[in-house]
Amino acid sequence: MTVEESQLNPIHALYEPYPLTSRYPKDRTPWISSFEQYKAMHDQSINEPDVFWRLRASELVEFDTPFHTVCSGSLGEGNVKWFEGGKLNISYNCVDRWAEKTPDAVAIIYEADQPGGAKSVTYKELLDQVSRVAGVFKSFGLEKGDTVAIYMPMVPEAAITMLACTRLGLVHNVVFAGFSAHSLAERIRDSNAKAVVTSDQGLRGGKIIHNKKIVDEALLTCSSVTKVLVFERTGAEVPMQQGRDVSWSKALSEQNEFVPPVFVDSEDPMFILYTSGSTGKPKGLLHTTAGYLVGVAMTTKYTFDLGKDDVFCCSADIGWITGHSYGVYGPLSLGVTTVIFESVPNYPDASRFWKTVDEHKITQFYTAPTAIRSLRRLGDDFVNCTDLSSLRLIASVGEPINPEAWVWYKSVVGKDLCPVVDTYWQTENGSHLITPLPFATTTKPGSATFPMFGIEPAILDPNTGEELTGPNVKGVLCIKKPWPSIARSILGDHDRYLTTYMHAYKGVYFTGDAARRDEDGYYWISGRVDDVINVSGHRMSTAEIESAIIQNESVAESAVVGIEDEITGQSICAFVTLQAGLKESDQIKKSIIATVRTEIGPIATPKNLILVNELPKTRSGKIIRRILRKVASGEADQLGDLSTMSDPSLLAPLVEKCCRWV
Ligand code: WTA
């Protein structure tokens, strides 16, 4: 393709940063308004990190006691520390200081599941609520360092609970309220949580989710929990266990003393968040206080050009890192308004996001490629019946965004007036690693573009570990220098932290993703190189799903692979062999699916479940997933080297079976 042709094809075009349009507030200029400014700041962040981060920390965060050392330790040793000597409080930074300065400014807009049910919480009201919940926690006897599990719907009270934890130096462990009782229990036990905060029920897309019931079931196997605080979301009658379960409304109304923030050390634990790795056991990533807050505040400010009077909406659930960093802590640490969206993009119809934007005059909107792709498929009318003129930036996160969806987002949702910001990062990172800056970076659809401040990426040869320098290289993506919001450990398993991230390649952090750097130095993330699959932006390990499937008594063996999916990015395809003597039936298939839903939750439901007589294996007995992936993707003609396969005669029936549905 010639340069002219590529410019004509919107998915191959370069998009220069927009000049400020009439949508841009008259009394502001962008934080970063040219690529030169970005380059100068990025250079400083790499060459003089102490100067750069000292400036950011003092600009964005209030310390009660100043720190003496900006950064110590190294990635290779896995002992990084930031802002040592400092004392601060997260909830003070996100709530109190704004309640003093701008008490009537709106902190949270709650877009309830049912349209028309929106509510706002001002910073003054937020402080009152956070202090009350902190008071309830104190009455439970919780003390600094104790862990609280949170299993809540997307309501302001979820954010209030997180802030109440950080107010007292309690460590929160938010578990996505779509996980099963079994998964919740595993995460409660692993984190040794002393209390759980939940709701009677949840509502999503008009459907009721029985949160309290799931918590009750989970707690049957968790002896560490002595108190459960139950927020009344729907007001349904739910069984309350005497002495253990406490009503949110009652407990909060009984609080009549202001609870001051407890100042903690910069490196004190702030939260744990579980994510999937290559093995069956989820990892509890541990984030600490000052580095996390500085990293998140800095990226929220610059990536989204967020400032005074903005209304920011991140559609991610608080059960994921995106909800933590950009739904709660980022916007609130900057004193702006965050929108908590309880519903789903297609309820009651596919205009829901856009009507929400109009209703609350949202200025920056942040969602996942899977939502963009599925809304695109339903046609432009659902967008065009809304106004969207408040929007001045649209952003994406969670998985690679295909150029077609990027261009649709930009033209149909953004009306060619909003920069598209594709942010690449992970639970482990706390905040953005690679992202365009809206008024500085020339974008290419599908590329996350350039590193964020403080991030020095490297592409390594996966086999030799050698750094591939220069343009036009492909390999595994690593980061060379520590940044403030990197997770410090895996709870209870620092060795796993070291082996997974720090020792895979010498002296650098290994992301687990493959990437390419093109001729202009742009980064293109192509996806995971480990056994993690990404379905609609939800990270799951194949091993985790396999160990759920194997719990079903009919199952002998299983192998799970991720295959490409037009809407969800990847989908789960499970190959299963049955116990001897059992015959394939719809009933068995249904029961296997039910097992996965009970063991992990509905998000892990395989889209395709294929019962086979035998799985392809090497002579040493290892399942060859590569073959399964190819066959399931309809690429049985490209199986590559089969010399290691112990019984090649298995192939024909396998292919035949898959052809029936591919
Ligand atoms: C993928 C979500 C391409 C990647 C914040 C990463 C992306 C995993 C992008 C982390 C993006 C996230 N482009 N891939 N913009 N953002 N990913 O921990 O594979 O839930 O390793 O964090 O999602 O998922 P996690």
Requested in this report: Please work out how much accessible surface I600 shows to a 1.4 Å probe, ignoring ligands, DNA and RNA, in Å² rounded to 10.
Outcome: 10 Å²
Query raised in the report: What ranking do 325-333, 138-146, 417-425 get when scored by the average of other Cβ atoms within 10 Å per residue, highest first?
Result: 325-333, 417-425, 138-146
Report summary line: Quick tally, 1.4 Å probe accessible area for C385, C71, C573, sorted with the most first, runs C385, C71, C573
Report summary line: Taking the reciprocal of mean 1/r across every pair of different Cα atoms in the range 379-439, the Kirkwood radius in Å is 12.6 Å
Query raised in the report: In whole percent, what relative contact order does the chain give with Cα contacts below 8 Å and a gap of six or more residues?
Result: 14 percent
Report summary line: Probe 1.4 Å, heavy atoms of protein chains only: per residue, the accessible area of the chain in Å² is 39 Å²
Query raised in the report: Which whole-percent values make up P(r) of the range 170-250 when all C-alpha to C-alpha distances are grouped in 5 Å steps starting at zero?
Result: 3, 15, 29, 26, 18, 7, 1
Query raised in the report: Could you list, bin by bin from short to long, the percent of Cα-Cα pairs of the range 211-266 in 10 Å steps?
Result: 18, 42, 27, 13, 0
Query raised in the report: If you rank F83, F231 by how much accessible surface each has, with a 1.4 Å probe, what is the order from largest down?
Result: F231, F83
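For the range 183-335, compute Rh as the Kirkwood radius over C-alpha pairs and then the Stokes-Einstein diffusion coefficient at 10 °C and 1.306 mPa s; write the answer in µm²/s, rounded to an integer.
On the way: Rh = 18.0 Å.
D, rounded to a whole number, is 88 µm²/s.
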Report task. Averaging sequence separations of C-alpha pairs under 8 Å and six or more residues apart, then dividing by the length of the range 460-554, give the relative contact order as a whole percent. Result -> 23 percent
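If you roll a 1.4 angstrom probe over the protein chains with everything in place, what fraction of the accessible area of the range 35-516 belongs to carbon and sulfur, to the nearest %? If you can, show how the numbers build up before the last one.
Numbers: 8320 of 16070 Å².
Looking at the range 35-516 in its full context, I get 52 percent from C and S.
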Query raised in the report: With every protein chain in place, what's the accessible area of I525 (1.4 Å probe, Å², nearest 10)?
Result: 30 Å²
Report task. Work through the residues other than D96 whose Cβ is under 12 Å from its Cβ and net out their charges, Lys, Arg +1 and Asp, Glu -1. Result -> 0
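Please arrange R167, R496, R528 by accessible surface area, largest first, computed with a 1.4 Å probe and ligands excluded.
Descending accessible area places them as R528, R496, R167.
What net charge do the residues around Q426 carry, taking every other residue with its C-beta under 13 Å from that of Q426, with Lys and Arg at +1 and Asp and Glu at -1?
On the way: positive: K283, R528, R539; negative: E399, E428, D513, D530.
Spelling it out: positives minus negatives among the neighbours equals -1.
Find the eigenvalues of the gyration tensor of the Cα atoms of the range 536-660, then list the square roots of 5 times those eigenvalues as equivalent ellipsoid semi-axes, largest first, in whole angstrom.
Numbers: eigenvalues 98, 66, 34 Å².
After diagonalising the Cα gyration tensor, the semi-axes are 22, 18, 13 Å.
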Query raised in the report: Mean shadow of the chain, computed from the convex hull of its alpha carbons, in nm²?
Result: 29.6 nm²
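Under the definition of Cα pairs under 8 Å and six or more residues apart, what whole-number percent is the relative contact order of the range 194-234? Mind dumping the intermediate values first?
Numbers: 57 pairs, mean separation 24.0, N = 41.
58 percent.
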Report task. Grab every C-alpha pair in the range 10-110, bin the distances at 10 angstrom width from 0 up to the longest one, and report whole percents. Result -> 11, 25, 30, 25, 8, 0
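The values are calculated or read from the model by the stated rules, or taken from the named source; none is laboratory data. Since we're looking at a predicted model, the values are computed, not measured. Cβ sites come from the backbone with ideal geometry, for glycine too, and all protein chains shown count toward neighbours. Accessible surface areas use protein heavy atoms only, side chains included; no ligands, DNA or RNA. Shrake-Rupley method; radii C 1.70, N 1.55, O 1.52, S 1.80 Å.
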